[in-house]
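The values are calculated or read from the model by the stated rules, or taken from the named source; none is laboratory data. What you see is a predicted model, and the numbers here were worked out from it, not measured in a lab. Note: ideal-geometry Cβ built from the backbone for every residue, glycine included; neighbour counts use all protein chains shown. In case anyone asks, the SASA skips ligands and DNA or RNA and just uses the protein heavy atoms, side chains included. Shrake-Rupley method; radii C 1.70, N 1.55, O 1.52, S 1.80 Å.
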Amino acid sequence: MKDIQKFSFNEEINSLLKGCKSVTVPKTRPELIKLAFGGGDANSFDVCYDVNGKSYTEATVVRCKNGAALNYTEDYMRRRDPDCMVIADDLPTDKPKFNQTYGQEFSALRKDTFDWLIQQDLMVVPVMSGGVEYGYETVLIAPKNAAFFACGLADLQFFINIDEYKGKFKPKVVLYLAPPFRHTFFKGKQMVVHNRTEDLYEMFSYNLYPGPSAKKGIYGFLLHIGEQEGWLTAHASAVKVVTPYENEIVIMHEGASGGGKSEMGENIHREPDGKILIGTDRATTEKYFLNLSESCELRPIADDMALCHPKMQNDSKKLVIQDAEHGWFLRLDHIKRYGTEPVREAISIHPPEPLVFINIQGKPESTCLIWEHTVDSNNLPCPNPRVVMPRKHTPGIVDGTVEVDLRSFGVRTPPCTAKKPTYGILGMMQIVPPAVAWLWRLVAPRGHNNPSITDTVGMTSEGIGSYGPFLTGKRVTHANILLEQIVASSSTRYMVIPNQYIGNYHVGFMPQWIMREYIARRGSAKFKPEQLKPARSSLLGYSLDSLKVDGQYIRKAFLRPETQSEIGTKGYDAGNKILTAFFKKELEKFNTPDLSPLGKEILSACLKDATLEDYLAFIPMRY
């Protein structure tokens, strides 16, 4: 118990740690990795719990040459359930309350959870959530046999060696891990219960997939802190793009899970002959290519969470950000063969230290390969393979704060034709006024065929800022914070970028990669008015009438989908009706007295089919 004395816990936690079978406080990452295999030299380790008197194997951890390969025994556990959060406290929230959902107060289950934990061998893992400089002390209390989960948390957040910490480590948030209750109370569902108290933010994770708790649960805590203080943590990746001529530009890419955040930090994908496949016409199967002799250099900044702390802002009139994570939860579903993403393949095959792989096939003492995805029970590859990658292993990583030149918002779009119109009417680059950029962040479409979560049917919203599923408080409060941020950052510009399809062309993530190359080569996200053509949909701002990259013009069909013969203006306008109706439906959630006066004006205008000129009048757009 000597190590526990270095923490400042409340009486309840102290009693738990004194009464349990044993307590382990890992000091180093190699110690965590060893514990993931039961603390010994075994090549595989089953993570089992007693469920109603029977042993149930939740997951298996396999020792590979390059790390630990974790696989769950159920397909369902391999992705985040979008409806896995409930709130136990009485603070303001838009999320389901525990007592309303389950017909009883959380106090009984909370007591049962502590009663179960006190019978276990436990581990206590200290980390800093949100960074060392601006972050918050956090502790994981978990059964010792779930050390793989602890290792993932330690990589994602900022792992602390308690022997090196100055003073007492007093947590602002505690994450309790109790997997069996998924079966005994929640009928097999992933659930995370948030309990916001005055002195301590509690999270009870009743499942072993780290997405809802070790990652998004911690994100929820950061959003809670920001909500109290008037700032936010953006759901975004960011990259500094450096051209062959040493021009630099910083792009922050936001969007729902699957919206291309991780992909924004990837090198542009090429065909075996070096060409770049822009897209494929589904009607004719004709392929369109781009020759790019030299790509821009990428210096990654953030992968999924960008801290927008007020202490970092300056007088530049640009948004200033810093990565809120120590490691990145990289999705690898698009890497299906060797050579797709050489940088990440090289790091994962020959890492400086063992990595944590999730939903990737692993054989004892072999090398875990990130394109060999676990096969689900339907004999198809799991759509959510992951690796937890400490950011320090990424070449060219940018530490510290940066000013954002361009904020893009990614949307997974389905194919669109005149016969089957959809919201897939976005061109390769839609330059939008700040007021429209705000509306996109309120609506935050989850989009087409999302690989990261279990429910992807139709067009649904990821919620305010695209971080809605992780938000414990009130969406309208964050709508106001987002609008204040946009108004204050008048020199940062905005785009909406599709992925997967542009009209009837399959494009994958190519639009954002080409946008990145184009904007960086221009040296600015500014456009002259004559370069922009108002889109047929005011929600899409402006389209480019022409686009030239490295001396080659991109076909107009990629810029303005209505010029595709399979769509035309009829199909486009039908798709716009779908998009507009979706916006109006989602925006009604914000139509409350608590919305700021400017927000009310913009929202009201949208509900009345505002024109592009109307949106420009609210917040000027700097060309």
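Details
- Val398 being surrounded by fewer than 23 Cβ atoms within 10 Å (Cβ to Cβ), under 26 Å from Lys318 (Cβ atoms) and modelled with pLDDT of 95 or more: yes
- Residue check for Gly447: under 23 Å from the mean Cα position of the chain (by Cα), in a loop (DSSP other than H, G, I, E, B) and at positive phi: yes
- Given (1) at pLDDT 95 or above; (2) open to solvent by 10 Å² or more (accessible area, probe 1.4 Å), index of the condition Thr454 fails: (1)
- Residue in segment 440-448 that is open to solvent by 10 Å² or more (accessible area, probe 1.4 Å) and modelled with pLDDT under 95 present: yes
- In the set Leu307, Leu369, only one residue is of a type in the set (A, V, I, L, M), in contact with a helix residue (DSSP H, G or I) (Cβ under 9 Å, 6 or more places away or on another chain), buried (at least 18 other Cβ atoms within 10 Å of the Cβ) and not in a loop (DSSP other than H, G, I, E, B); that residue is Leu307.
- Among the residues of segment 221-248, those identified as part of a loop (DSSP other than H, G, I, E, B) and within 20 Å of Asp405 (Cβ to Cβ) are Thr243, Pro244, Tyr245, Glu246, Asn247.
- Restricted to segment 401-438, and to residues there that are among the polar types (S, T, N, Q) and not in a loop (DSSP other than H, G, I, E, B), the residue that is farthest from Ile249 (Cα to Cα) is Gln430.
- Ile251, sole failed condition from (1) surrounded by fewer than 23 Cβ atoms within 10 Å (Cβ to Cβ); (2) assigned to a strand (DSSP E or B): (1)
- Residues of segment 313-354 that are part of a loop (DSSP other than H, G, I, E, B) and either in contact with a Lys or Arg (Cβ under 6 Å, 6 or more places away or on another chain) or polar (S, T, N, Q) (or both): Gln313, Asn314, Ser316, Thr340.
- Segment 213-237, subset open to solvent by less than 10 Å² (accessible area, probe 1.4 Å) and out of contact with any helix residue (DSSP H, G or I) (no Cβ under 8 Å at 6 or more places or on another chain), residue farthest from Leu482 (Cα to Cα): Ser213
- Output for segment 372-393, where each listed residue is among the polar types (S, T, N, Q) and open to solvent by less than 20 Å² (accessible area, probe 1.4 Å): Thr374, Asn384
- Entry remark, segment 349-366: residues being among the polar types (S, T, N, Q) and surrounded by 20 or more Cβ atoms within 10 Å (Cβ to Cβ) number 2 in total.
- Arg521 being of a type in the set (Lys, Arg), open to solvent by less than 10 Å² (accessible area, probe 1.4 Å) and at negative phi: no
- Only residues that are of a type outside the set (Ser, Thr, Tyr), part of a loop (DSSP other than H, G, I, E, B) and crowded, with 22+ Cβ neighbours inside 10 Å were counted across segment 159-212, and they come to 8.
- Scanning segment 608-622 for residues that are open to solvent by 80 Å² or more (accessible area, probe 1.4 Å) and part of a loop (DSSP other than H, G, I, E, B) returns Lys608, Asp609, Pro620, Arg622.
- Hey, Asp121 among the charged types (D, E, K, R), modelled with pLDDT of 95 or more and either at negative phi or crowded, with 17+ Cβ neighbours inside 10 Å (or both) or not: yes
- Residue, nearest to Trp440 (Cα to Cα), within segment 405-423, restricted to residues that are of a type in the set (Val, Ile, Thr) and open to solvent by less than 10 Å² (accessible area, probe 1.4 Å): Val411
- Hits in segment 78-103 (condition: closer than 30 Å to Val387 by Cα, charged (D, E, K, R) and at pLDDT 95 or above): Arg78, Lys95
- Filtering segment 377-400 to residues that are within 23 Å of the chain's Cα centre (by Cα) and assigned to a loop (DSSP other than H, G, I, E, B) leaves Cys382, Pro383, Asn384, Pro385, Thr394, Pro395, Gly396, Ile397, Val398, Asp399, Gly400.
- Only listed residue being out of contact with any helix residue (DSSP H, G or I) (no Cβ under 8 Å at 6 or more places or on another chain), surrounded by 19 or more Cβ atoms within 10 Å (Cβ to Cβ) and aliphatic (A, V, I, L, M), chosen from Leu559, Leu544: Leu559
- Condition met for Lys600 (part of a helix (DSSP H, G or I), in contact (Cβ under 8 Å) with a residue 60 or more places away in the chain and open to solvent by 40 Å² or more (accessible area, probe 1.4 Å)): no
- Strands (runs of 3 or more DSSP E) completely within segment 1-102 that count 3 or more residues being touching a residue at least 60 places away in the same chain (Cβ under 8 Å) and over 28 Å from the mean Cα position of the chain (by Cα): 22-24, 44-51
- Hits in segment 579-601 (condition: of a type outside the set (Ser, Thr, Tyr) and closer than 12 Å to Leu539 by Cα): Leu579, Ala581, Phe582, Phe583, Lys584
- Residue within segment 577-587 that is over 13 Å from Pro434 (Cα atoms), without any contact (Cβ under 8 Å) to a residue 12 or more places away in the chain and of a type in the set (Gly, Ala, Ser) present: yes
- Cβ-Cβ contacts under 8 Å between residues 6 or more apart (or on different chains), taken from a first residue in segment 339-361 that is within 22 Å of Gly274 (Cβ to Cβ) and acidic (Asp, Glu) to a second residue that is in a helix (DSSP H, G or I) and at pLDDT below 95, are absent.
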